[in-house]
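Notes for the one structure printed next.
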Amino acid sequence: MLTNWFPMGLYKLMKRRLDTARTFSRHDWWTLGQAWLLLGMVDLALRVLPFRLVHKCMSLARRQTRKRDAAAELAATQHMQRLVSLASQCHLYPMRCLSQALVLQRLLGRQGIPTELRIGVRKEAGQLCAHAWLEYHGQPLGEPQGIAARFEPLAAPGVEP
């Protein structure tokens with residue numbers, strides 16, 4: 001049997017991931033591929049270009065907001081967040097929260113789902129820590145409920161203080 005020479009923890013992890021992968025539709029795989037490519041491009045762009053330019057480019061894909069059932073739209077945002085998170089976990093190197101938030105905002109914007117990019121900072125053990133996340137109707141996507149309270153917000157992108 002395979003588990004006799006294969007570490008049991010790794011076996012269970014791979015089995016769980018394969019079971020998850022089997023539930024994906026073709027559209028999910030397409031979206032996962034897009035997210036993976038966009039994550040790499042955005043991460044590189046953030047390293048060499050000004051943030052405002054990268055944010056503006058990622059915001060160009062916004063479509064007109066569609067009228068749809070609020071529960072269905074919330075489910076779509078949570079599903080998309082899960083796919084982007086999975087793509088970031090499977091990337092060549094760890095993806096930062098800002099790259100993930102920008103990619104998720106672009107993919108949701110293509111579906112006509114409006115979100116707000118939030119960037120916050122806090123001091124932790126004498127060091128400045130920053131975090132970026134998306135909010136959908138004031139609720140953080142893929143983040144703990146009190147995330148906004150833990151970080152002091154920066155000005156919204158594109159807004160001069």
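The sum of -39500 (n - 2.57) across all DSSP H runs of n ≥ 4, divided by the residue count of the chain, sets its helix-only mean residue ellipticity at 222 nm to -17000 deg cm²/dmol.
About the Cα centre, and with charges only on the beta carbon of Lys, Arg (+1) and Asp, Glu (-1), how big is the dipole of the chain? Nearest 20 debye, please. Don't jump to the answer; show the numbers that get you there.
Numbers: 22 positive and 11 negative charges, 79 e Å.
Dipole size: approximately 380 debye.
The packing ranking, built from the mean of other Cβ atoms within 10 Å per residue, places the peptides 99-108, 115-124 in the order 99-108, 115-124, highest first. Each of LEU13, HIS27, GLY112 was scored by the projection of its Cα onto the charge dipole of the chain, and the greatest displacement toward the positive side belongs to HIS27; charges sit on the C-beta of Lys, Arg, Asp and Glu. Measure nothing but the geometry: give the 0 to 90° angle between the long axis through the Cα atoms of 97-110 and the longest principal axis through the Cα atoms of the chain, rounded to 10°. Taking the Cα atoms of the chain, the angle to 97-110 is about 80 degrees. Remark: the chain carries 66 Å² of accessible area per residue (probe radius 1.4 Å; ligands, DNA and RNA excluded). For Cα Rg over 2.2 N^0.38 Å, the value computed from the atomic coordinates appears in the list [x] 0.96; [y] 1.03; [z] 1.17 under label [z]. Only Cα pairs under 8 Å and 6+ residues apart enter the sum, and on that basis the relative contact order of the chain stands at 21 percent. Of the accessible area of the chain, computed with a 1.4 Å probe over protein heavy atoms only, carbon and sulfur atoms account for 60 percent.
The values are calculated or read from the model by the stated rules, or taken from the named source; none is laboratory data. All figures in this text were calculated on a predicted structure; none of them were measured in a lab. Because the Cβ atoms are built from the backbone with ideal geometry, glycine has one as well, and the counts that use them run over all protein chains shown. In case anyone asks, the SASA skips ligands and DNA or RNA and just uses the protein heavy atoms, side chains included. Shrake-Rupley method; radii C 1.70, N 1.55, O 1.52, S 1.80 Å.
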